[in-house]
1. Does the range 142-156 hold any residues that are in a loop (DSSP other than H, G, I, E, B), closer than 17 Å to GLN105 by Cβ and in contact (Cβ under 8 Å) with a residue 24 or more places away in the chain, and which are they?
2. Looking at (1) open to solvent by less than 70 Å² (accessible area, probe 1.4 Å); (2) in a helix (DSSP H, G or I); (3) within 26 Å of SER12 (Cβ to Cβ); (4) in contact (Cβ under 8 Å) with a residue 60 or more places away in the chain, can you tell me which one ILE159 breaks?
3. Only one of TYR85, TYR123, TYR55 is open to solvent by 30 Å² or more (accessible area, probe 1.4 Å), of a type in the set (Phe, Trp, Tyr) and in contact (Cβ under 8 Å) with a residue 24 or more places away in the chain; which?
4. Restricting attention to the range 72-82, which residues are open to solvent by 50 Å² or more (accessible area, probe 1.4 Å) and more than 12 Å from the chain's Cα centre (by Cα)?
5. Looking at the range 1-25 only, could you name the residues that are farther than 15 Å from PHE106 by Cα, assigned to a loop (DSSP other than H, G, I, E, B) and touching a residue at least 24 places away in the same chain (Cβ under 8 Å)?
6. Hey, any hits in the range 96-104 for a residue that's open to solvent by 40 Å² or more (accessible area, probe 1.4 Å), over 30 Å from GLY66 (Cβ atoms) and out of contact with any strand residue (DSSP E or B) (no Cβ under 6 Å at 6 or more places or on another chain)?
7. Go through the range 37-52 and report how many residues are in contact (Cβ under 8 Å) with a residue 60 or more places away in the chain and in contact with a Lys or Arg (Cβ under 8 Å, 6 or more places away or on another chain).
8. Scan THR168, THR108 and give me the residue that is hydroxyl-bearing (Ser, Thr, Tyr), assigned to a helix (DSSP H, G or I) and closer than 19 Å to LYS90 by Cβ.
Amino acid sequence: MTQTTQTALISSVADVRTGYTFRERITESKDGNAHVLQLKDARQIWEQTNSATIYVDELPKIFWDGKSKAFAEPNSILLPSKGSYLRASKLVSNQDSLPTVVSGQFLTLKVKDSAKQHIHSDYLCWVLNQPETQRLLAESSQGTKIMMLSAKAVKDVTIKIPSLETQTKVMHLNEMWEKEQKLINELLINRQKMVQGTVQQLLKETN
């Protein structure tokens, strides 16, 4: 049987909603009862790991006394909605993880139950980060000083959806690439520390 790639609007495969808009400055606390995700955290994680995976337990905590509907569900896809940084991430947690409040700097995408037989959440995250999709998202952003990406604009973006088998193969290759990038980054960081240490030692010897 020939496996074909279909196209579909994001709105047909995922629910899209905005994150929680904090009215006051976010105060982090190591003893908090919930995790919080801000744009600075997502960007830092990407720069340090080259991975689209965000582990809930590694995020800062806050004291939360609001409604539970503000919590992001596990395996949600998080797409920045403000500024030029548009890289999507996937939220990963375990049974013991505290709930997570995602700031209004993000749009939250969750694969619909009716679409789970057609698309993996990992693949949705991956395809959102592909150059073609990133270009469409950037073109859909509005604003003069600060670019804004609306939920409607994301819903109207068309993506390519191959078979689940092909999606699995794509994600396997992407996982291998992310692991390789992580190792390279770790090697570069260690090399930088070695060079800095050597330079400092040379400077001491010349004094």
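The values are calculated or read from the model by the stated rules, or taken from the named source; none is laboratory data. Keep in mind that what you see is a predicted model, and the values were worked out from it rather than measured. No Cβ is skipped: glycine too gets one built from the backbone with ideal geometry, and neighbour counts run over all protein chains shown. For the accessible areas, the whole protein counts, side chains as well, though only heavy atoms, and no ligand, DNA or RNA atoms are used. Shrake-Rupley method; radii C 1.70, N 1.55, O 1.52, S 1.80 Å.
1. Taking the range 142-156 first, the residues in a loop (DSSP other than H, G, I, E, B) are 143-147, 149-150, 156.
Add one more test, that the residue is closer than 17 Å to GLN105 by Cβ, and what stays is 143, 145-147, 149-150.
Those that are in a loop (DSSP other than H, G, I, E, B), closer than 17 Å to GLN105 by Cβ and in contact (Cβ under 8 Å) with a residue 24 or more places away in the chain: ILE146, MET147, LEU149, SER150.
2. Result: ILE159 fails condition (2) only.
3. Working: TYR85 fails: open to solvent by 30 Å² or more (accessible area, probe 1.4 Å); TYR123 fails: open to solvent by 30 Å² or more (accessible area, probe 1.4 Å).
Selected residue: TYR55, the only one of TYR85, TYR123, TYR55 that is open to solvent by 30 Å² or more (accessible area, probe 1.4 Å), of a type in the set (Phe, Trp, Tyr) and in contact (Cβ under 8 Å) with a residue 24 or more places away in the chain.
4. Within the range 72-82, the subset open to solvent by 50 Å² or more (accessible area, probe 1.4 Å) is 73-75, 82.
Listed by number, the residues that qualify are GLU73, PRO74, LYS82.
5. Scanning the range 1-25 gives GLN3, THR4, THR5.
6. Here is the first cut: in the range 96-104, the residues open to solvent by 40 Å² or more (accessible area, probe 1.4 Å) are 96, 98-99.
Within this subset, residues satisfying the condition of being over 30 Å from GLY66 (Cβ atoms) are none.
So far as the range 96-104 goes, no, none of its residues is open to solvent by 40 Å² or more (accessible area, probe 1.4 Å), over 30 Å from GLY66 (Cβ atoms) and out of contact with any strand residue (DSSP E or B) (no Cβ under 6 Å at 6 or more places or on another chain).
7. Taking the range 37-52 first, the residues in contact (Cβ under 8 Å) with a residue 60 or more places away in the chain are 37-39, 42, 48-52.
Imposing the further condition that a residue be in contact with a Lys or Arg (Cβ under 8 Å, 6 or more places away or on another chain) reduces the set to 39, 42, 49-52.
Final tally of qualifying residues: 6.
8. Numbers: THR108 fails: assigned to a helix (DSSP H, G or I).
After ruling out the rest, the residue left standing is THR168.
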